[in-house]
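Structure, as structure tokens:
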Amino acid sequence: KAADAAARAAAAGMDADDGDGEGEGEAGLELGEYSGLLLKASGDGQVYTMVVRTSAYELDGLEYRHDFRTRAKGFTTARLPFAGFAPYRDGKPVQAGGAPELDRRSISGLALGFYPQRQGVRVAKEGVGLPFYLSLARVKAYRERDEPEVVYLSAGAAAADLAADDAAAAVQQKDAATALAMEEQAAGGAPAGEEEEEEEEGGE
């Protein structure tokens, strides 16, 4: 609890307000048409957490978190889809089905948090955290449009393709009939006139 409280104190909160510093009572961010958040930051190779709060936070302390790892040198670009944010209540993860999905139409605040327990190491003493560094360059909301799985053709184009297929089939049938007639002619032997001449020579 102490480590979580320290992380909350270290979080860089960004309330959704009108720029005058008074966040309470202001309308939330309307991001219903967006798929997630895209951030660029310079860090120290450790894991950080994007925290999103909606109107549900004021009601029962519910917030949503998404981890991302930074690079020790240079900038990191992290794509955080809203569908990947996990619900937390009072600093503890909520079991599946125990909280509604993140309501992207009523986002009231964003924050960046550093949680020592996310780093895969034990804190030597309770209440003592790890050193960290994170410099945020920008946060943007992004859209993600799905590509269609079916290519739609106009009725005219479909009819033209069907006519071309029928014509090709007719040519194949004609070629097959011509080949069959040639085979039958070759198997029939000499013409009828030559056979009659042979019979007459035999009678003499």
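Output wanted: per-residue J couplings in Hz (rounded whole) for the stretch 58-72, from phi through Karplus 6.51 cos²θ - 1.76 cosθ + 1.60, θ = phi - 60°, x for Gly and Pro.
5, 7, 9, x, 8, 9, 10, 10, 9, 7, 8, 9, 9, 9, 5
Show me 80-86, 52-58 ranked by packing, highest mean number of other Cβ atoms within 10 Å first.
Details: 80-86: 16.1, 52-58: 17.9.
So the order, starting with the most tightly packed, is 52-58, 80-86.
Which part of the stretch 78-99 falls in the paramagnetic zone of Asp67, meaning amide N under 14 Å from the point 7 Å along Cα-to-beta-carbon?
Of the residues in the stretch 78-99, 85-87, 93 have backbone N under 14 Å from the label point off Asp67.
Just to verify a number: FRET efficiency for Asp60 and Ala83, C-beta to C-beta distance, R0 = 25 Å, to 0.05?
For R0 = 25 Å, the calculated efficiency reads 0.70.
How do 90-103, 65-78 rank on mean C-beta neighbours within 10 Å, highest first?
65-78, 90-103
All of the numbers you see were taken from the coordinates with simple rules; none came from a lab. None of these values were measured; they are calculated from a predicted model. Cβ atoms come from the backbone with ideal geometry, glycine included; neighbour counts cover every protein chain shown.
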